[in-house]
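Accompanying notes for the structure given below.
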Amino acid sequence: MWQATFTKLGQTLLVLLLVSVASFSFLKLAPGDPVTIMLGSDYSKASYDQLTQELGLDQPVIVQYGHWLANFVRGDWGTSYITNQNIFELAVFQALPVTLTLAAFSLLIALVIGIPTGVMAALYRNSWVDVLATTLAIGGNAFPSFYLGIILIWVFGVGLGWFPTLGFVAPWDDFWQGMWHLALPAITLGAWYVGLIARITRSSLLEVMGQPYILAAKARGEPGWRVVWVHGMRNVLMPLITVIGLQLGGMLRGAVMTEVVFSLPGLGMMITSAVLNREYIVIQAGIMLTGVLFVVLNLMVDQTYQFLDPRLRRRK
Amino acid sequence: MNQVSVLAQNIPVESHAEASLLEVRDFSLRRKKATVLDRITLSLSPGETLGLIGESGAGKSTLAMALIGLLRAPEVEIEGSLRFRGTELTALKEADFRRLRGNKIGLIFQDATAALNPCFTVGKQIAEPLRRHLGLSASACRARAVELMQSVGIPEPRLRLDAYPHELSGGMQQRIMIAIALACNPELLLADEPTSALDVTIQAQIMELILDRVRALNSSAIFVLHDLALGAQVCDRIAVMYAGQIVEEGPSERVLNAPLHPYTQGLKSCVVELGMPTLTPIPGQIPPLDAMPNGCRFAPRCPKAQAICGEQRPETQTRDGRQVACWFID
Ligand SMILES: Nc1ncnc2c1ncn2[C@@H]1O[C@H](COP(=O)(O)OP(=O)(O)OP(=O)(O)O)[C@@H](O)[C@H]1O
Ligand SMILES: [Mg+2]
C-alpha cells in the first residue's frame with residue numbers, strides 16, 4: 001500500500017516535470033523575441049542587452065529553465081503585458097475557481113441524471129426504457145458540446161429568455177444567481193458526461209446483479225430497492241469512479257469549449273484570449289495550471305478509489 | 001397484514017397434528033417450456049434433516065431456490081404446491097415471502113467468498129436479517145452478531161465484526177454465511193453444497209458445525225449434496241434426484257444399504273468402489289432439458305430398462321418404507 005502510494009507520487013512528479021518542460025519549451029519556441037515585444041519598436045542596442053541580461057536570456061537554456069521553474073513554484077508568474085495584472089492571481093484566484101465550479105456542477109448534473117438512467121436501463125434491460133436510455137446516452141456522447149451550447153443559448157437564452165446567455169456569478173457570492181448563470185453551461189458540459197455515466201452504470205450493474213452476493217442479499221429478506229441501491233450500487237461505484245477519472249482530460253477540454261461559448265472567465269477563456277493576444281506567458285501559466293490540475297484530480301480519483309474498495313485498503 | 005404477523009411470529013402450525021413443517025406436492029417448475037423440476041413430492045417434519053442427492057444438473061439448487069422464493073412466477077412457470085407451516089408459498093405475495101427469507105427459512109450458499117458482499121463488513125451482513133426481521137437496534141444487532149459469530153466458532157468475534165470478507169479465510173467466510181443463515185433461528189435451513197468450495201481438511205468440521213447448530217435450534221434442514229454416503233451419514237432421510245424428478249426417497253440407512261432404484265444403486269456402487277462421488281460407473285449423462293424422454297427419464301442410461309420404460313412414466317410407489325419411481329423394483 002505504501003509502496004503503491006510512493007510509486008504514484010513518483011509518477012505524478014514525473015508528469016509534472018514533463019508538463020513544465022513542455023510549457024517552458026513552448027515559450028522558447030514561440031515566434032517573436034520577448035525582449036523586442038517588451039521594448040516596443042524603438043530601442044537601442046544597449047537597452048536591448050540590458051533587458052536581455054535582466055531577464056536572464058543570455059544564460060544557458062537549462063539555467064533559464066531552472067529559474068523559470070523556481071519562479072513558477074514560488075507563485076511568481078509575471079505580469080500580463082496587456083492588463084498589467086498579476087498572472088498568478090488571474091489564473092489561480094480568478095480563472096481556476098470558475099473552471100472548477102463549472103466542472104463540479106456539470107459532473108453533479110451528469111451523475112444525478114446518468115446514474116438513475118443507467119440503473120433503469122439495467123433493471124429493465126431490452127425494454128423501451130433501456131433503448132431510450134441507451135439512445136440518449138450515445139446521443140449525448142456524440143453531440144458536440146459547443147453545438148449543444150449554442151442550441152441551448154438560442155432556445156432557452158435568446159428564444160425563451162429563461163436563462164442568461166453569458167457571464168459568471170460566483171455561487172458563493174450569490175447562490176441562486178450563480179446557479180442561474182451556470183445552468184446552461186453546466187448542462188452543455190454535463191450532457192457529454194451523462195451518456196458515459198449511464199452506460200457504465202448500466203453495464204456494471206448488470207454484471208454486479210448476477211453475482212451470488214446479490215442473491216444472498218435477497219435470501220436474507222432484503223427488499224428489492226435495497227438490493228439494487230445498496231448491495232448493487234455500492235459495488236458499481238468503483239468502476240464508475242475509474243471511468244470518471246479516465247475521462248477527466250475530456251472534461252477539462254470540454255470546459256474550455258463551454259467557457260468560450262458562454263463567455264465564462266475560466267481557465268479556458270483565459271488561455272483562449274491569451275492565444276488571441278499572443279500573451280505567451282499567460283498561455284504558459286494556463287498550460288502549467290491545467291497540467292497541475294489534471295494531475296491533482298487524478299491523484300484524488302485514485303485515493304477515492306482506494307478508499308471505496310475495501311480490498312485495496314488495510315490488510316491484516 | 002394479518003397474514004404477515006402470523007408468519008413473523010411463532011404461532012403454532014395451523015394444519016393437522018402430525019403436521020409437517022414443509023409439504024411439497026406435485027411441484028413442477030418450467031423454464032421456457034423445459035421442465036426443470038417434475039412433480040416433486042416431499043415432506044419434512046420439524047427437526048428432521050433431508051439430504052437431496054443427485055448429479056450435476058438434477059435440479060437440486062433449483063428446488064432450493066424455489067423453496068426460498070428466489071425463483072417464482074412469472075420468472076418461471078410453476079405448478080403444484082409448496083406448503084410451509086401450513087402456508088401456501090406459491091400463492092404468497094412477494095412482500096410476505098420476503099418476511100420469511102432469512103427469517104424462517106435460511107439459505108447457506110456453496111461459495112461463501114462469492115456470496116458475501118466484498119464492500120460490507122461481515123458484522124453488517126450478519127446484522128441485516130437481525131435488523132430487518134427482528135427489528136433489533138444497531139447496538140443490539142452488534143451484540144447478537146458477536147454471539148452468533150461465537151456460536152459458529154469464530155475466534156475473537158468482537159475483532160472480526162468489522163472485518164471485510166476478504167480479510168477472512170474461506171472456512172471463516174463459510175462460518176459467517178452459516179451465522180447469517182441462522183441469525184433469526186430459522187425453522188428450515190437450506191444448505192446448497194455448503195462444503196464443496198472448501199478445503200477438504202475443513203469440510204468435515206463445517207458440516208459438523210452446521211449439524212450442531214441445526215440440532216441446537218431444533219430446525220429442519222435440507223442438505224444438497226453430491227455424495228450419497230455423506231448424505232446418509234448426515235441426514236435422517238435421503239431424496240435422490242435425477243433430471244428434475246425424485247426417483248427414490250426414504251430413511252437414510254435403507255436408501256444407502258438397500259437402494260431400490262437402479263439410479264440409486266448406480267450412485268451407491270460408485271461411492272463404494274471409488275470412495276468418492278464420481279459418477280463414471282453410470283454410463284452416459286442427464287439428457288438435455290429440451291430432449292427429455294417421455295417415459296422414465298433415467299431409461300436411456302438404465303441397465304434394467306425395457307420397452308415400457310421409454311414409453312410411460314413410472315408412478316411413484318411406496319415400497320419398504322420409501323417412495324420409488326421405477327417399473328422394475330426387484
Ligand atoms: N438460470 C438458468 N436459466 C436456465 N436454465 C437453468 C438456469 N439455472 C439452471 N438451469 C438448468 O436447470 C437444470 C437444473 O440446474 P440446477 O442448478 O438446479 O442443478 P443442480 O442439481 O443444482 O446441479 P449442481 O450439482 O451442478 O449444482 C439444469 O439443467 C440447468 O441447466
Ligand atoms: Mg447446484
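Here are the numbers for this structure:
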{"item": "First in the stretch B:85-114 and within 13 Å of another protein chain (Cβ to nearest Cβ), second anywhere and part of a helix (DSSP H, G or I) and hydroxyl-bearing (Ser, Thr, Tyr), Cβ under 8 Å, 6 or more apart", "result": "B:Ala114/A:Tyr213"}
{"item": "Hits in the stretch B:175-209 - residues which are in a loop (DSSP other than H, G, I, E, B), modelled with pLDDT of 90 or more and away from ligand 1 (no atom under 16 Å from the Cβ)", "result": "B:Leu182, B:Ala183, B:Cys184, B:Asn185, B:Pro186, B:Glu187"}
{"item": "Test: residue in the stretch B:99-114 that is within 16 Å of ligand 1 (Cβ to nearest atom) and either over 20 Å from A:Ala216 (Cα atoms) or of a type in the set (Val, Ile, Thr) (or both)", "result": "yes"}
{"item": "Filter result for A:Ile241 (in contact with a Phe, Trp or Tyr (Cβ under 6 Å, 6 or more places away or on another chain) and within 14 Å of chain B (Cβ to nearest Cβ))", "result": "yes"}
{"item": "Residues that are at the interface with chain B (Cβ under 8 Å from one of its Cβ atoms) and not in a loop (DSSP other than H, G, I, E, B), drawn from the stretch A:215-236", "result": "A:Leu215, A:Ala216, A:Ala217, A:Lys218, A:Ala219, A:His231, A:Arg234, A:Asn235"}
{"item": "Of residues in the stretch B:62-77 being more than 21 Å from B:Gly106 (Cβ to Cβ) and among the hydrophobic types (A, V, I, L, M, F, W, C), the one farthest from ligand 1 (Cβ to nearest atom)", "result": "B:Ala73"}
{"item": "Given (1) closer than 21 Å to B:Arg98 by Cα; (2) touching a residue at least 40 places away in the same chain (Cβ under 8 Å); (3) surrounded by fewer than 17 Cβ atoms within 10 Å (Cβ to Cβ), number of the condition A:Val228 does not satisfy", "result": "(3)"}
{"item": "Hits in the stretch B:137-171 - residues which are among the aliphatic types (A, V, I, L, M) and either within 24 Å of the chain's Cα centre (by Cα) or over 29 Å from A:Val236 (Cβ atoms) (or both)", "result": "B:Ala140, B:Ala143, B:Val146, B:Leu148, B:Met149, B:Val152, B:Ile154, B:Leu159"}
{"item": "Residue tally, condition touching an Asp or Glu at 6+ places or on another chain (Cβ under 9 Å) and touching a residue at least 40 places away in the same chain (Cβ under 8 Å), over the stretch A:198-214", "result": "1"}
{"item": "Residues (surrounded by fewer than 22 Cβ atoms within 10 Å (Cβ to Cβ) and within 13 Å of ligand 1 (Cβ to nearest atom)) located in the stretch B:44-61", "result": "B:Glu55, B:Ser56, B:Gly57, B:Ser61"}
{"item": "Number of the exception - A:Pro171 against (1) modelled with pLDDT under 85; (2) over 30 Å from B:Ala66 (Cβ atoms); (3) surrounded by fewer than 16 Cβ atoms within 10 Å (Cβ to Cβ)", "result": "(3)"}
{"item": "All helices (runs of 4 or more DSSP H) inside the stretch A:1-77 with 3 or more residues being within 27 Å of the chain's Cα centre (by Cα) and under 30 Å from A:Tyr305 (Cβ atoms)", "result": "A:2-29"}
{"item": "Boolean, B:Ala64 is within 16 Å of ligand 2 (Cβ to nearest atom), within 14 Å of another protein chain (Cβ to nearest Cβ) and crowded, with 20+ Cβ neighbours inside 10 Å", "result": "yes"}
{"item": "Identity of the residue in the stretch A:125-150, more than 26 Å from A:Gly268 (Cα to Cα) and surrounded by fewer than 13 Cβ atoms within 10 Å (Cβ to Cβ), that ends up nearest to the chain's Cα centre (by Cα)", "result": "A:Thr135"}
{"item": "Only listed residue being more than 17 Å from A:Leu240 (Cα to Cα), out of contact with any strand residue (DSSP E or B) (no Cβ under 8 Å at 6 or more places or on another chain) and aliphatic (A, V, I, L, M), chosen from A:Leu111, A:Leu123", "result": "A:Leu123"}
{"item": "Residue pairs meeting the criteria (Cβ under 6 Å; at least 6 apart or on separate chains; first facing chain A (nearest Cβ under 9 Å), in the stretch B:160-180; second outside any helix (DSSP H, G or I) and surrounded by fewer than 21 Cβ atoms within 10 Å (Cβ to Cβ))", "result": "B:Tyr164/B:Thr121; B:Pro165/B:Pro118; B:Glu167/A:Lys316"}
{"item": "Residue within the stretch A:90-102 that is exposed (fewer than 13 other Cβ atoms within 10 Å of the Cβ) and either in the same structural domain as A:Leu289 (by TED's automatic domain parsing) or touching a residue at least 12 places away in the same chain (Cβ under 8 Å) (or both) present", "result": "yes"}
{"item": "Pick from the stretch B:67-76, criterion surrounded by fewer than 21 Cβ atoms within 10 Å (Cβ to Cβ), under 17 Å from B:Asp26 (Cα atoms) and within 13 Å of chain A (Cβ to nearest Cβ), ranking: farthest from ligand 2 (Cβ to nearest atom)", "result": "B:Arg72"}
{"item": "Set B:Ala145, B:Ala140: member being more than 10 Å from chain A (Cβ to nearest Cβ), assigned to a helix (DSSP H, G or I), touching a residue at least 24 places away in the same chain (Cβ under 8 Å) and more than 16 Å from ligand 1 (Cβ to nearest atom)", "result": "B:Ala145"}
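The values are calculated or read from the model by the stated rules, or taken from the named source; none is laboratory data. Source: prediction; values computed, not measured. Every residue, glycine as well, gets a Cβ built from its backbone with ideal geometry; the counts of neighbours run over all protein chains shown.
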